[in-house]
Amino acid sequence: MAKRDYYEVLGISRGASPEEIKKAYRSKAKELHPDRNSDNPDAEAQFKDANEAYEVLKDGDKKAAYDRYGHAAFEGGMGGGPRPGAGGQGDFASAFSDVFEDLFGDFMGGGGQRGGRQRSSRGSDLRYNLRIDLEEAFSGAQKAITVPTSVSCDSCDGSGAESGSEPMTCPTCSGMGKVRAQQGFFTVERTCPTCSGIGQVISNPCKTCNGAGRTQKDRSLSVNIPAGVETGTRIRLAGEGESGLRGGTPGDLYIFVEVEEHDLFQRDGVDLFCRVPVSMTTAAIGGDVEVPTIDGGRSRVKVPSGSQSGRQMRLRNKGMPSLRGGNTGDMFIELAVETPVNLTAKQKELLREFEELSAENNPQLSKFFSKVKSFWDEMKS
C-alpha cells in the first residue's frame, strides 16, 4: 500500500513554517490519540502516521531530503529517518515529547520551568491588617508593628546545612529538581521526590533550623502611613515578607489599612460630613454655630434664618487630603434642627402664643394641608 504524503497526513502545505508544522501535529495528536478514539479502529494507525510525518518534517535536513526525494529518501540507506512501518513507541515518544510541554506544561512543569535547577525558592508574601483612626489618616503617621515571620537562620546563613558542611547534589535528579518517566506514548516530568524540587539534599542538617534554612521570629517594623489613606489602601514593603528557602529571595509584606469610624465626622472620599444640631430658635431667626475641623481647629458657621433640618453648608478645603496629592476635600455641615424637650408651663404658653402669631410663617405646613384637603375632596367625589 502506497504511503501517504507527509504534508497531506498533517493537513499542511509544502511551504508550511516550523511553527505551522508543530501546530498541525499537535492538533492531529490530540485528535487521533488512541485513548480518545477507542471506538475508531483506524485511529492508532493514523496516529502513527502523524508521528512519522512529524518526525521527518520537524527536522530541517530530513525535510529537505523528503521534499527532494519523497519517501525514497529514507529507503535503502539514503537517510536516517524513520523506516516504513517502524512506528515503535520510542518514535512516538520522541516526536510527541516535543509538543508535550506545550500541551501540559502549565500543569506539569511548574509555570514553564523546564528542568532548571531550583536550589532556592522565593519566600511567601505576608499580609498585615493595620487599623488607624481618622486623624492619623488625615495627617499621616509612623506606626510600629510586630510581624511573625520566617527569617534566614543565623546558624547556617540560610543554607540549611550544619556549620562546616554543605548541601550535596541530589543523586536522584542530578540537581535538576525534576525526574522524567516514560509512560507509553508520554514522557512524564514530575518534581523529584528525594529533594522536593530543590536539586540538593542535606546529609548533615543544621540543628537550629532542621535543614530548612530559616526560623520563626517576630520582627518589629516601622511603617510610614501617608496622609490621605482610606480603608482598603495597600502598602507594599518589598523584601519584608517571609525569608526565602535556603537563601532564596524574601517575599514582600503587604499592609492593608482600615480607617476606624469617627464620632464626629463621616468620610466620603476626600470629603467630610458633620451633622450639627441647632436650636429651633437659631434655625428660625439665624445665628452662628461653632464647629470642629479634622485638623483639631474650629470654624464659625453662619446659620441663615429659616433654616430647615438637612440643610448643608460647605467649608472649602477642610476635608481630607488626596492620597496622590494635588487637592484637599471639603467639609459639609448638615443642620439638624432640634425640638426642645421638658418645657416649663411658661415656655409652653409662650410657644402657643407664638404659634397663633406665626400661622402664616409656615409655608410648608400650609402647603401640606392644602394637598391633604384636595385629596380628601377627591376621595369624597
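Per-structure values
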{"quantity": "Filter pass, T208 being of a type in the set (S, T, Y) and open to solvent by 60 Å² or more (accessible area, probe 1.4 Å)", "calculated": "yes"}
{"quantity": "Members of region 252-307 that are of a type in the set (K, R) and closer than 22 Å to N361 by Cβ", "calculated": "K302"}
{"quantity": "Tally of residues being open to solvent by 80 Å² or more (accessible area, probe 1.4 Å) and among the acidic types (D, E) across region 334-348", "calculated": "1"}
{"quantity": "Condition check for G287: open to solvent by 70 Å² or more (accessible area, probe 1.4 Å) and either farther than 21 Å from F265 by Cα or in contact with a helix residue (DSSP H, G or I) (Cβ under 9 Å, 6 or more places away or on another chain) (or both)", "calculated": "no"}
{"quantity": "Answer residue from region 40-51, given it is over 17 Å from E8 (Cβ atoms) and in contact with a Pro (Cβ under 7 Å, 6 or more places away or on another chain) and is least open to solvent (accessible area, probe 1.4 Å) among those", "calculated": "A43"}
{"quantity": "Count of region 302-327 residues which are buried (at least 17 other Cβ atoms within 10 Å of the Cβ), of a type outside the set (D, E, K, R) and closer than 16 Å to F265 by Cα", "calculated": "4"}
{"quantity": "Within region 130-159, tally of residues that are open to solvent by less than 40 Å² (accessible area, probe 1.4 Å), modelled with pLDDT of 80 or more and not hydroxyl-bearing (S, T, Y)", "calculated": "11"}
{"quantity": "Exclusive hit being of a type in the set (D, E) and under 30 Å from E136 (Cα atoms), set E258, E349", "calculated": "E258"}
{"quantity": "Selected residue [at pLDDT 85 or above, farther than 30 Å from G296 by Cβ and part of a strand (DSSP E or B)] from R180, R219", "calculated": "R219"}
{"quantity": "Residue within region 312-334 that is farther than 28 Å from V229 by Cα and either modelled with pLDDT of 90 or more or touching a helix residue (DSSP H, G or I) at 6+ places or on another chain (Cβ under 8 Å) (or both) present", "calculated": "no"}
{"quantity": "Residue in region 52-73 that is of a type in the set (S, T, Y) and either modelled with pLDDT under 70 or open to solvent by less than 20 Å² (accessible area, probe 1.4 Å) (or both) present", "calculated": "yes"}
{"quantity": "Subset tally (residues that are part of a strand (DSSP E or B), open to solvent by less than 50 Å² (accessible area, probe 1.4 Å) and under 17 Å from E135 (Cα atoms)) for region 226-263", "calculated": "2"}
{"quantity": "Failed condition for C195, given (1) open to solvent by less than 40 Å² (accessible area, probe 1.4 Å); (2) under 28 Å from the mean Cα position of the chain (by Cα)", "calculated": "(2)"}
{"quantity": "Filtered residues of region 145-167 (kept if closer than 30 Å to V223 by Cβ and among the hydroxyl-bearing types (S, T, Y))", "calculated": "T146, T149, S150, S152, S155"}
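The values are calculated or read from the model by the stated rules, or taken from the named source; none is laboratory data. As the structure is a computational prediction, the values presented were derived from the model and not from experiment. Please note: Cβ atoms are built from the backbone with ideal geometry, for glycine as well, and neighbour counts cover all protein chains shown. Surface areas here come from the heavy atoms of the whole protein model, side chains and all, with no ligands, DNA or RNA. Shrake-Rupley method; radii C 1.70, N 1.55, O 1.52, S 1.80 Å.
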